Amino acid sequence: MLTHAEAALLSAPEIRRAIRAGRYDRHTAGLAAGKLQCNLAILPARYADDFLEFCDRNPRPCPVVGVSRPGATGIPELAEDLDIRRDVPRYRVFRDGALAEERTEIASLWQDDLVTVALGCSFTFENAFLAAGIPVRHIEMDRTVPMYRTTLALDPAGPFHGTMVVTMRPIPEGRVEEARRISAAFPHAHGAPLAQGDPAALGIADLDAPDWGEPVEIRAGEVPLYWACGVTPQNVLRDAGLPLCITHAPGHMLIADVAEDVQPSPANYKIQHGDT
């Protein structure tokens, strides 16, 4: 198995091939610098339009960057050789609203009616932080970014509803505005932070006890900043009680070949779905 440090030396296609071969199954933070990373929501086609409408109404946690045709295992605009069934380090499988299992491939579960919705990920703007010399603590600690449930309500669509999940990164106080400006340039990767400082304002009880991921150290002179998170649609899909849906495991993203500063055209996605 590759270590994270070894995987960090690989290109995006090389990382996907390593994942497909079972040689890497850890978090993807800090990998394939300059390339877009994606959250995944895989669901039956009959629910896809409502889910895309939900994403359209809630673009901060659910920024759509690609949609497959029903049954297709690739998304050509993200990568030519993509196999969505095998190219993610870890998947989560939900049945009737409950987490059924976590696995490293979903080929044996694939159905001809499944649609894959790829959503932007905040790991994308972390490369810009590192280039600017802004520390990214969970990468420093080789941990999965901490993620928290909040009380921020989402705009519902069809069976999809719920509250937002956020990620937290501690930022030096003197660089908060710079971090806000840098991340705002990536609206397809959750954009600028939603809040900073007191976690209680978001309904978070304890930063040392994240709902997903692992806690990170907040040092003197640092401010916790909170970004919308792509685990949000996982909760929304689970709460909708679909007979089957599949997501990435938190922190284990799909790495695309396109540049991290790509500017998606969401209007095209529903057209692509409707043409099939």
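Look at residue 163 and say whether it is under 24 Å from residue 208 (Cβ atoms), hydroxyl-bearing (Ser, Thr, Tyr) and modelled with pLDDT of 95 or more. It would help to see each step written out before you state the result.
Details: under 24 Å from residue 208 (Cβ atoms): yes; hydroxyl-bearing (Ser, Thr, Tyr): yes; modelled with pLDDT of 95 or more: yes.
Taking the combined requirement at face value, the residue satisfies it.
May I ask you to list the residues in the range 208-238 that are of a type outside the set (Lys, Arg), within 26 Å of residue 44 (Cα to Cα) and not in a loop (DSSP other than H, G, I, E, B)? Walk me through how you get there before you give the answer.
Applying the first criterion (of a type outside the set (Lys, Arg)) to the range 208-238 yields 208-218, 220-237.
Next cut, within 26 Å of residue 44 (Cα to Cα) only: 212, 228-237.
Correct list: 212, 228, 232, 233, 234, 235, 236, 237.
With the requirement that a residue be open to solvent by less than 60 Å² (accessible area, probe 1.4 Å), more than 16 Å from the chain's Cα centre (by Cα) and in contact (Cβ under 8 Å) with a residue 60 or more places away in the chain, what does the range 59-74 give you?
70
Here is a yes/no grid of residues against (1) modelled with pLDDT of 95 or more; (2) surrounded by fewer than 23 Cβ atoms within 10 Å (Cβ to Cβ); (3) out of contact with any Asp or Glu (no Cβ under 7 Å at 6 or more places or on another chain):
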site: 20; (1), (2), (3): yes, yes, no
site: 32; (1), (2), (3): no, no, yes
site: 50; (1), (2), (3): yes, yes, yes
site: 83; (1), (2), (3): yes, yes, yes
site: 88; (1), (2), (3): yes, no, yes
site: 95; (1), (2), (3): yes, yes, yes
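Hey, can you tell me all the residues within the range 34-48 that are open to solvent by 10 Å² or more (accessible area, probe 1.4 Å) and on the phi < 0 side of the Ramachandran plot?
Applying the first criterion (open to solvent by 10 Å² or more (accessible area, probe 1.4 Å)) to the range 34-48 yields 34-35, 45-47.
35, 45, 46, 47 - these are the residues of the range 34-48 that are open to solvent by 10 Å² or more (accessible area, probe 1.4 Å) and on the phi < 0 side of the Ramachandran plot.
Which members of the range 3-18 meet the condition of being touching a helix residue (DSSP H, G or I) at 6+ places or on another chain (Cβ under 8 Å) and open to solvent by less than 30 Å² (accessible area, probe 1.4 Å)? Show your work before the answer.
Of the residues in the range 3-18, the ones touching a helix residue (DSSP H, G or I) at 6+ places or on another chain (Cβ under 8 Å) are 7, 10, 15, 18.
The answer is 7, 15, 18.
Collect the residues in the range 110-148 that are touching a Phe, Trp or Tyr at 6+ places or on another chain (Cβ under 9 Å) and farther than 30 Å from residue 5 by Cα, keeping them in residue-number order.
Scanning the range 110-148 gives a single hit, 115.
Please work out which one of (1) over 19 Å from residue 262 (Cα atoms); (2) surrounded by fewer than 22 Cβ atoms within 10 Å (Cβ to Cβ); (3) not small (Gly, Ala, Ser) is the condition residue 168 fails and give its number.
The single condition residue 168 does not satisfy is (2).
Only one of 169, 180 is touching a Lys or Arg at 6+ places or on another chain (Cβ under 8 Å) and more than 19 Å from residue 66 (Cα to Cα); which?
Result of the check over 169, 180: 169.
Which residues, counting only those in the range 188-230, are β-branched (Val, Ile, Thr) and touching a strand residue (DSSP E or B) at 6+ places or on another chain (Cβ under 6 Å)?
Selection gives 204, 218, 223.
Restricted to the range 172-187, and to residues that are touching a helix residue (DSSP H, G or I) at 6+ places or on another chain (Cβ under 8 Å) and not aromatic (Phe, Trp, Tyr), which residue is surrounded by the fewest Cβ atoms within 10 Å (Cβ to Cβ)?
Going through the range 172-187, the residues touching a helix residue (DSSP H, G or I) at 6+ places or on another chain (Cβ under 8 Å) turn out to be 179, 182-183, 185-186.
Remaining after also requiring not aromatic (Phe, Trp, Tyr): 179, 182-183, 185.
Working: 179: 24, 182: 18, 183: 24, 185: 12.
In this case the residue turns out to be 185.
All but one of (1) open to solvent by 50 Å² or more (accessible area, probe 1.4 Å); (2) touching an Asp or Glu at 6+ places or on another chain (Cβ under 8 Å); (3) farther than 20 Å from residue 242 by Cβ hold for residue 78, so report the exception by its number.
(1)
Take the residues of the range 173-206 that are among the charged types (D, E, K, R) and not in a loop (DSSP other than H, G, I, E, B): which is nearest to residue 221 (Cα to Cα)? Can you show your working first?
Here is the first cut: in the range 173-206, the residues among the charged types (D, E, K, R) are 173, 175, 177-178, 180-181, 198, 206.
Restricting the remaining residues to those that are not in a loop (DSSP other than H, G, I, E, B) gives 173, 175, 177-178, 180-181.
Numbers: 173: 6, 175: 10, 177: 14, 178: 15, 180: 17, 181: 19 Å.
Result: 173.
Would you confirm, using the coordinates I've provided, whether residue 128 is assigned to a helix (DSSP H, G or I) and either out of contact with any Gly (no Cβ under 6 Å at 6 or more places or on another chain) or crowded, with 18+ Cβ neighbours inside 10 Å (or both)?
Against the criterion (assigned to a helix (DSSP H, G or I) and either out of contact with any Gly (no Cβ under 6 Å at 6 or more places or on another chain) or crowded, with 18+ Cβ neighbours inside 10 Å (or both)), residue 128 qualifies.
The values are calculated or read from the model by the stated rules, or taken from the named source; none is laboratory data. Nothing here was measured: the structure is a model prediction, and the numbers come from that model. Virtual Cβ from ideal backbone geometry, glycine too; neighbours counted across all protein chains shown. Surface accessibility is based on the protein's heavy atoms, side chains included, excluding ligands, DNA and RNA. Shrake-Rupley method; radii C 1.70, N 1.55, O 1.52, S 1.80 Å.
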